[in-house]
Amino acid sequence: MALSIKEKNGIFEVNGNLSASNSYQVRKYFEVMLEMKKQIKICLANLDSMVIRSVFEMRALILYALRRGRLINFIGEQNGKIRGAFLGAGFNPFIYENSGFQN
């Protein structure tokens, strides 16, 4: 399934496949959103797949937000289709949401 991002009630819903070929563009898209908004919430609950590289792009996005004093939250941890990517990368952005991620 092709990747799409839709904003619904202030939450950016990412749907489809987050792949090595589109994860950089997705990060850049959210960097632009962070320049326009002080806080964003990204829902990964409807992703069909996610690769390890995408997890590293999410980590880079978190660091970008921190450097600019912005807040970013991820929801959708219950999506079993993407758990393997987080395990393989050794990073979980959902923990950042709850406990504060430090550089």
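The values are calculated or read from the model by the stated rules, or taken from the named source; none is laboratory data. As the structure is a computational prediction, the values presented were derived from the model and not from experiment. Heads up, the Cβs are rebuilt from the backbone with ideal geometry, glycines too, and the neighbour counts pull from every protein chain shown. Accessible surface is based on the protein model in full, side chains and every heavy atom, while ligands, DNA and RNA are left aside. Shrake-Rupley method; radii C 1.70, N 1.55, O 1.52, S 1.80 Å.
Per-residue answers, yes or no, for (1) open to solvent by 30 Å² or more (accessible area, probe 1.4 Å); (2) touching a Lys or Arg at 6+ places or on another chain (Cβ under 6 Å); (3) touching a residue at least 40 places away in the same chain (Cβ under 8 Å):
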{"position": "R27", "(1), (2), (3)": "yes, no, no"}
{"position": "M36", "(1), (2), (3)": "yes, no, no"}
{"position": "L44", "(1), (2), (3)": "no, no, no"}
{"position": "R53", "(1), (2), (3)": "yes, no, no"}
{"position": "G69", "(1), (2), (3)": "yes, no, no"}
{"position": "N73", "(1), (2), (3)": "no, yes, no"}
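Considering only the stretch 7-25, state which residues are surrounded by 11 or more Cβ atoms within 10 Å (Cβ to Cβ), within 19 Å of L71 (Cα to Cα) and either of a type in the set (A, V, I, L, M) or out of contact with any helix residue (DSSP H, G or I) (no Cβ under 8 Å at 6 or more places or on another chain) (or both).
Correct list: E7, I11, E13, V14.
Would you say R59 is among the basic types (K, R), in a helix (DSSP H, G or I), more than 19 Å from G16 (Cβ to Cβ) and open to solvent by 20 Å² or more (accessible area, probe 1.4 Å)?
yes
Filter the stretch 90-103 for residues that are open to solvent by 20 Å² or more (accessible area, probe 1.4 Å) and either assigned to a loop (DSSP other than H, G, I, E, B) or within 18 Å of S19 (Cβ to Cβ) (or both); which is modelled with the highest pLDDT?
Ranking the candidates gives G90 first.
Applying the selection to the stretch 58-99, what residues are closer than 14 Å to V32 by Cα, basic (K, R) and in contact with a Phe, Trp or Tyr (Cβ under 9 Å, 6 or more places away or on another chain)?
Selection gives R70 alone.
Is there a residue in the stretch 77-87 that is more than 11 Å from the chain's Cα centre (by Cα) and modelled with pLDDT of 95 or more?
no
Can you tell me how many residues in the stretch 6-48 are of a type in the set (A, V, I, L, M) and closer than 21 Å to R83 by Cβ?
9
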